[in-house]
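Student: Before anything else, here's the structure in question.
The values are calculated or read from the model by the stated rules, or taken from the named source; none is laboratory data. All figures in this text were calculated on a predicted structure; none of them were measured in a lab. Cβ: placed from backbone, ideal geometry, glycine included. Neighbour counts: every protein chain shown. Heavy atoms of the whole protein, side chains included, go into the accessibility calculation; ligands, DNA and RNA do not. Shrake-Rupley method; radii C 1.70, N 1.55, O 1.52, S 1.80 Å.
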Amino acid sequence: MTRRDTRETGPSGRRFGATELSPEIERVVQQAKRLEWATLGVIVVTIVLVAIVMGSSQAMRAAWIEDLLSLIPPIAFLVALRVARMAPTRARPYGSHRSVGVGHLVAAVALSVMGVVLVGDSILGLVTAEHPPIGTFDLFGHTVWQGWFMMAVMALSVPGPMILGHKKLKLAEQLHDRVLYADADMNKADWQTGVATIVGVAGIGLGWWWADSAAAIFVGVSIMLDGWKNLKEAVTNLADRRAATIDGARPHPLIDRAERVAWAEPWVRHAGARVRDEGHVFHVEMFVVPQQGADVTVGRCVGLREAISALDWKLEDVVVVPVAELPEEVRGGTRGDEQSKGSE
Amino acid sequence: MRAMPATRRSVLAAVLAAAGTGLAACTSSGYPADPDGTLDRVTGGVLRVGASHHPPYVDATGPEPRGSEPDLVRAFAAERNATIEWTVSGEEALMTALKKGDLDLVVGGLTKEFPWTSHGSITRDYAEAEGPDGESVKLVMAVPLGENQMLTALEAYFDQRAAEEAR
């Protein structure tokens, strides 16, 4: 066990709780951190720019409020990461990995609120037949329609989140970090709202007073759905559901792989695992039914435990529980069972 | 993984479409356009102006409103070949009429702080003056909500006047 030796390196070392991270994973962590700081920078610049050109435009005001909301996921990520790095203590024996779940919930709420506000506001605008006024400004003696300026600022605000979000998706999968994943959704929401505003303002220019609201409803619904999906994920993960892939679409393949390792032991007759996602890392309880007459020694249990945790850095907190009969919830733990279905 | 490429393609198409309409619109003078065609109707037609008494900007005691703002409105109307139809009343009545589409323009020494923004589009300020409490206020006018061509034409006229005065 190398983890005891590194416990002295302090809370912000190269690890998540008790799990020491390989240099590659640590590099991904640092990359994610840089991306999130970059995101905060981009959003703050956008907030200032939009505040300058906003004028009395309700559309721009809505975009601005969304920018404020999109500050929440990066902050949640950075805080959650800091907390998740803390080593387990007597008082917090599981470590603080759950900070990821909490961060995910916070980010999911921000995303949902953004979608709901966008859709609600736009529907209200359509129902009350609100004709958005966009005037002009004086640019060195030329009278320029403000709409051009709004479209330019929005066009500038699109590529940043588009690129950042795309990069975050990849890192989120590698780190198994759902805050990062939700933030990628937030970035998607950001650039889509930007595009919708461009389309909306261009439509207003053509005399289509409804264009802005219609475009906003279009993207608002997709943001709402993303928010709802994340909200559901965050809550069920916090409520100890079976560990799943980062998109929540299927059971995590590591569950199946861990069970296969257990089945491969000659002294094991049946095995089934209860695996929950603590945030970044998993908590594995491997129930094993020994072969008739086989000796369940400490050495065998430790050996199995180490074999499982050698599968992946996410499997560090592994408990091997010898039992006479598998608990009902993991009884699917034989080949071709329901639990393993769909995993790889 | 999610189906990003499809979304992205459709969004890209939307951006291109928007850019296309934008470019096309650059060449025509009707951009931004009025949803209800106010400026088109006013040009060579009738400009329906609401005026509320507020000396020295609007003096509504005579048969026809006088003062700096009626003068400005007359000059704008002349530029547009429009004849003016005046309605003299209080601000609330005028703004309600503006919202209903019975007026094209409201004047009355309105300032940047004018609270009736749900009833009309407030123009950019065309001049500064001393307010009731001795502080400087920015003078504006009101046009129908979202009639952006009308708004743009009036603001462009303000800029044109300011440039002429500076000369």
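Student: Compute the relative contact order of the range B:88-132 as a whole-number percentage, counting only Cα pairs closer than 8 Å that sit 6 or more residues apart in sequence.
Tutor: 34
Student: Counting other Cβ atoms within 10 Å, which trypsin sites (Lys or Arg not before Pro) in the range A:76-153 have at most 11 and lie in a DSSP loop?
Tutor: Hits after loop and neighbour filter: A:ARG90.
Student: Any idea how far the Cα center of the range A:220-256 sits from the one of the range A:295-314, in Å?
Tutor: Going from one Cα centre to the other spans 29 Å.
Student: In addition: By the gyration tensor of its Cα atoms, with a ≥ b ≥ c the square roots of the eigenvalues, what is the shape of the range A:98-178: rounded for a/c under 1.5, prolate for a/b over b/c, or oblate? It would help to have the intermediate numbers written out before the result.
Tutor: On the way: a/c = 4.06, a/b = 1.71, b/c = 2.38.
Because a/c hits 1.5 or more and a/b fails to exceed b/c, the range A:98-178 counts as oblate.
Student: Tell me whether the range A:130-235 comes out rounded, prolate or oblate; compute the Cα gyration tensor, take square roots of the eigenvalues as a ≥ b ≥ c, and use a/c under 1.5 as the rounded threshold.
Tutor: oblate
Student: Now for a different question. Less than 21 Å apart at the alpha-carbon level, and either on another chain or at least 8 residues along: which lysines does that give for B:LYS138?
Tutor: The qualifying lysines are B:LYS112.
Student: Alpha carbon centre of the range A:124-138 versus the range A:57-115: separation in Å?
Tutor: About 34 Å separates the Cα centre of the range A:124-138 from the one of the range A:57-115.
Student: Calculate how many DSSP beta bridges within the protein assembly as shown are antiparallel, expressed in % of all such bridges and rounded to the nearest 5.
Tutor: 65
Student: Accessible area drop of at least 50 Å² (1.4 Å probe, protein heavy atoms): which residues of the range A:105-137 qualify, relative to the chain alone?
Tutor: Residues shielded by partner chains are A:HIS131, A:PRO133, A:THR136.
Student: For chains B and A, what's the summed buried accessible area, probe 1.4 Å, to the nearest 100 square angstrom?
Tutor: Adding both sides of the contact gives about 2500 Å².
Student: On a 0 to 90 degree scale, rounded to 10, what angle separates helix A:99-127 from the longest Cα axis of chain A?
Tutor: So the inclination is approximately 30 degrees.
Student: Do any residues of the range B:97-144 show a loss of at least 40 square angstrom of accessible area between the isolated chain and the full protein assembly, using a 1.4 Å probe, and if so which?
Tutor: B:ARG124
Student: Roughly to the nearest percent, how much of the accessible area of chain A is carbon and sulfur, given a 1.4 Å probe?
Tutor: Using a 1.4 Å probe with all protein chains present, chain A comes out at 62 percent carbon and sulfur.
Student: I need the Debye-formula profile for the range A:193-265: one equal scatterer per C-alpha, no solvent, reported as log10 I(q)/I(0) at q = 0.12, 0.16, 0.21 1/Å, two decimals.
Tutor: Computed log10 I(q)/I(0) values: -0.56, -0.70, -0.87.
Student: Counting pairwise Cα distances across chain A, what percent come out greater than 31 angstrom?
Tutor: In whole percent, the share of Cα-Cα pairs in chain A beyond 31 Å is 45.
Student: Something else now. Using the Cβ atoms and a cut-off under 10 Å, what net charge is assigned to the surroundings of B:SER136, where Lys and Arg are +1 and Asp and Glu are -1?
Tutor: Details: positive: B:LYS138; negative: B:GLU128, B:GLU130, B:GLU135.
Net charge in that neighbourhood comes out at -2.
Student: Can I ask one more? What ranking do A:183-192, B:89-98 get when scored by the average of other Cβ atoms within 10 Å per residue, highest first?
Tutor: A:183-192, B:89-98
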